Amino acid sequence: MSELMTGNSDTILARIGYGTCGSVWANLANVDAVPAGIVLKRTDSVPDCPGSLKNELLIHKRITSKVPYHKEPPTSPGFLVNIPHNIAFLEANAPAWDGILPRLPRGFETCQALVNERIMPLDRPSRRLLITNYIAPAKSDPEAIDYVTDSSSNVHCLVRPYLGRRQAGMAHSFSSFHPVSLRNCPLYVDQMMALGLPLKEYACAIADALAFMYWEVKIDAADVEYVLGRSRPAGTNNDIHLGSRPFTHSTFGDHALWILDFDNCQPIRMDMVGVRAAADKFWRNDPYYPTPDYRNDDDKAIWVAFRERFLATSKEILKDEDEEVRKLPMQLMVQVLETVGTYNNRGSRPRKTSIRH
């Protein structure tokens, strides 16, 4: 935790994420350092916040306690899904604030906070690829592109893979050069396809993570975030992950899916009440999950890959359970299909706006 304190540096920490419930801060003196370091996730004393850092800590511990027991189809090892390591929970009166508070902007006060492993951001070539393809005009000055690529708002680059939505036809577009941050950059199905990213592999990884959270951890996965970042270096201490195969890409290189933001998650029942709750949270999250209301063969292939992997991993996890419990994954897929269109503004609804990295 010393890298956040005045004994390490007097430089003000960089805000790398924020939401209605607080903010995330880190020392970005060397953004490409390996390992990536740590982050401070503050509540900022926000009243009436729907989520809770204490609940996030509880759920995080529940998740990590189940990782050693995770089961996946033996004939098909899973892709790498990393879970950030929790280092500490700070109460407002924790002595550590004496060293941290001077590195925050003037006027900040102590509050509850989590200290977590920082997710390894995508590297400079990846940032430049995103800037060149989706932000800068085709004939932009290379120096201007380099400036945007290396700006402080973009160096902590994480990508949100939206497998349930296409960018084409949406009101928002990256067709003009305007202020933008790659800290929490959404990529839609058509954009990821154009970049040659492995969409069906991402779908399988998200399916594994969701099956793990539902049936092993027994939580509803409400508002959980999925981001793409670099893989941890081999042999990293406290390496908490599902699966073992990194994704590969000509520019992104070896990279991994990371899951985070568990503050809204709640325990789930292993019955139809739980299935209906899970389907509700499935549709209420941002559009990470492929959906059965596909419009073309490419989207259908992504949905089929997700569905088949989810059912296969769920079957392995629940193979020793009673028959009624073993039926739940298929019942959940049916419930998802039957509720298509119930949430027409999926991913754009009013929500708690989690404290994102």
Practice task
Could you look through segment 194-238, keep only residues that are in a helix (DSSP H, G or I) and among the hydroxyl-bearing types (Ser, Thr, Tyr), and pick out the one that is nearest to the chain's Cα centre (by Cα)?
Solution key: Tyr202
Problem - Residues satisfying the stated conditions in segment 61-77, i.e. farther than 21 Å from Asp261 by Cβ and part of a loop (DSSP other than H, G, I, E, B) - result: Lys71, Glu72, Pro73, Pro74, Thr75, Ser76, Pro77
Practice task
Sort out which residues of segment 116-147 are modelled with pLDDT of 85 or more and buried (at least 21 other Cβ atoms within 10 Å of the Cβ), and write them in order of number.
Solution key: Asn116, Glu117, Arg118, Ile119, Met120, Pro121, Leu122, Ser126, Arg127, Leu130, Ile131
Handout entry: Any pair with Cβ under 7 angstrom, 6 or more apart, that starts in segment 280-298 at a residue that is within 12 Å of Gly164 (Cβ to Cβ) and outside any loop (DSSP other than H, G, I, E, B) and ends at one that is at pLDDT 95 or above and of a type in the set (A, V, I, L, M, F, W, C)
Key = Phe282/Val336
Fill in the blank from the handout: Only unsatisfied item for Pro95, checking (1) modelled with pLDDT under 95; (2) loosely packed, with under 13 Cβ neighbours inside 10 Å; (3) not hydroxyl-bearing (Ser, Thr, Tyr), is (1)
Practice task
Select from segment 84-106 the residues that are touching a Leu at 6+ places or on another chain (Cβ under 8 Å) and either of a type in the set (Asp, Glu) or within 30 Å of Arg309 (Cα to Cα) (or both) and list them in ascending order.
Solution key: Pro84, Asn86
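The values are calculated or read from the model by the stated rules, or taken from the named source; none is laboratory data. Keep in mind that what you see is a predicted model, and the values were worked out from it rather than measured. Heads up, the Cβs are rebuilt from the backbone with ideal geometry, glycines too, and the neighbour counts pull from every protein chain shown.
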